[in-house]
Amino acid sequence: MSTLPASNLQASATGTARRLRVLFTASEADPLIKVGGLGDVTGTLPLTLRKLRPEQTGGLELDVRLVLPFHSAIAPRVKDIQPVASLAVPHPKGSVAAQAFQTFVGDLPVYLIAGDPIAPDAPVYSLDTRKDGEKYTFFSLAVLELARKLDWRPDILHANDWHTALAVYTLALRRGEDRFFALTRSIFTVHNLPFMGAGIDAAMQEYGIPPLEDERLPAWGGYQPLPMALATADHITTVSPTYAREILTPEFGCGLQDFLRSRAESISGILNGLDEKIWDPSTDAALAANFDAASLDARTANKQALIREFNLPANLDLPLLILISRMDWQKGVDLAVDGLRQIAGLPWQAILLGSGDPTLEASARQLEAEFPYRVRAVIRFDSGLARRMYAGGDMLLMPSRYEPCGLAQMIAMRYGCVPVARATGGLRDTVKDTQFPETSTGFLFEDPTPEALAAALRRAIAAFQDRQAWRTRQVCGMQQDFSWERSALAYAQLYHKLLRQPAET
């Protein structure tokens, strides 16, 4: 790696490695607060970045710090928290007061921003985005004020999704006139493009944030946080290489595809990782029996226990199909239900777990009513049951209409459960469908239709009959490298590259 500009680096205490400062911000991060998959990423990636050794990063020591809103649900989970700064968030009618607190997750410094706009009784996300407008506008501005108050100049501002997008946009507005942020570069990671922050323009106006005038954007784009960050970030990432390409197309671009194509050279996809300590079938306490790739025979006890738990016919020769998902149109739950109907003549059993859209919940219950001897619909969120299903199921159904990255397919493979998935986004990047079991980890289909899923299931059920070849496929999946270290190294290389480039204007 080449040398970074000296003005962007601080010497470390060792006198050898050079320190690169990364201000990482998001709306949620596990284990402090988690609502969805974003929390998995932002809870693990900053920690992993800090653990990278200088010999892995070309002599860089990454000083990564995380900033979150101080949601009320965080307080009971924090043992040691200290006030570190009082902030004045800019507002046309006079600054709005904010308080910053510090805690640690491992050796990761975490700053929590509190203030009146972050109401103590409000959920992390409201169903009405407009209700989140002031909270996340206030928070995004407070992130920059925190860095200034601490006199901690970030080399990289790394923001995630629309909730922190205005930090990227405001940085771009200030950078030319503010020496403190003159050398700070920004990365904006898109986890789910359709969620753009529509409806918060009133909050932006209240805080004096002007709309973006950019002829490359559709007219509405200059009033929504996510497109505003996409236009002004120095680099854009998505959470898988395929999704980075898909958002350039009309099918997945949500009306921004033409603009995104104009920035194609500044877009890259970095696959999310999997916390392999948390998801480890050899140590998972939720399982009836632990196992690994070298002891797959022990896995059978998990299938037996799952069949007994749901009073299904005790026939281990029947493939057990599982679905673990939010009940949502995006996830293709309707495709799964209709696809299973189309293969009713084949031998299989199925357990569907999830909650969400009442219509999809009802369709899962109806499938159980139609096939009471082979289908179980469990309408709830149940993390313990999900683990038992990964360990006992033979095939995971993942017929997503779009999937920026996906986590379930990685977990399934690690637990010896073979994915049957649509070839989209991160599913295409992680599931290998080949004719040779020693290189195959699952089964993919192209079209988001019940017919295409049913055809893939027919292939998978036929392959299941050759138990030795199936075992080879399981082992291949269990040996895939989905570690966060791999992802973190890719981000570290991007940070390094970004600081050698001129800022986006």
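Can you put E134, E215 in order, fewest other beta carbons within 10 Å first? Can you show the working numbers first?
Values: E134 20, E215 7.
Starting with the residue having the fewest Cβ neighbours, the order is E215, E134.
Sort 386-396, 78-88 by the packing proxy (mean of other Cβ within 10 Å over each peptide's residues), most packed first. Please list the in-between numbers first.
Values: 386-396: 24.2, 78-88: 12.9.
By packing density, highest mean first, the sequence is 386-396, 78-88.
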* Asked: What's the center-to-center distance, using Cα atoms, between the range 463-505 and the range 360-416 in Å?
  -> 23
* Structure fact -> Filtered hits (lysines, Cα-Cα < 21 Å from K51, offset >= 8 within chain) -> K277, K497
* Which of the lysines could a cross-linker bridge to K135, judged by Cα under 24 Å and excluding same-chain residues fewer than eight apart? -> K34, K93, K149
* Full-stretch length increase - D214, N315 - with 0.36 nm per residue and alpha-carbon distance subtracted -> 30.2 nm
* Asked: Nearest 10 degrees, 0 to 90: what angle lies between the long axis of helix 165-175 and the longest principal axis of the chain (Cα atoms)?
  -> 30
* Structure fact -> Of the candidate values [x] 26.8; [y] 24.7; [z] 24.0, the one computed for Kirkwood radius over Cα pairs in Å from this structure is [z]
* To do: Starting from the Cα of A305, step 7 Å toward the Cβ, then list every residue of the range 265-291 with an amide N under 13 Å from that point.
  => 281-291
* Asked: Sorting C405, C254, C476, C417 on the 10 Å Cβ count, fewest up front, what's the list?
  -> C254, C476, C405, C417
* Asked: Helix 129-149 versus the longest principal axis of the chain: what is the Cα-based angle in degrees, 0 to 90, to the nearest 10?
  -> 50
* Structure fact -> In deg cm²/dmol, rounded to the nearest 500, the helical mean residue ellipticity at 222 nm of the chain, built from -39500 (n - 2.57) for every DSSP H run of length 4 or more, is -10000 deg cm²/dmol
* **Principal-axis tilt of helix 333-342 within the chain, Cα atoms, nearest 10 degrees** => 20
* To do: State the antiparallel share, in %, of DSSP beta bridges confined to the chain, rounding to the nearest 5.
  => 25
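Only the coordinates and a few stated rules stand behind these numbers; no lab work does. Fair warning: this is a prediction, and the values are worked out from it, not measured in the lab. Cβ: placed from backbone, ideal geometry, glycine included. Neighbour counts: every protein chain shown.
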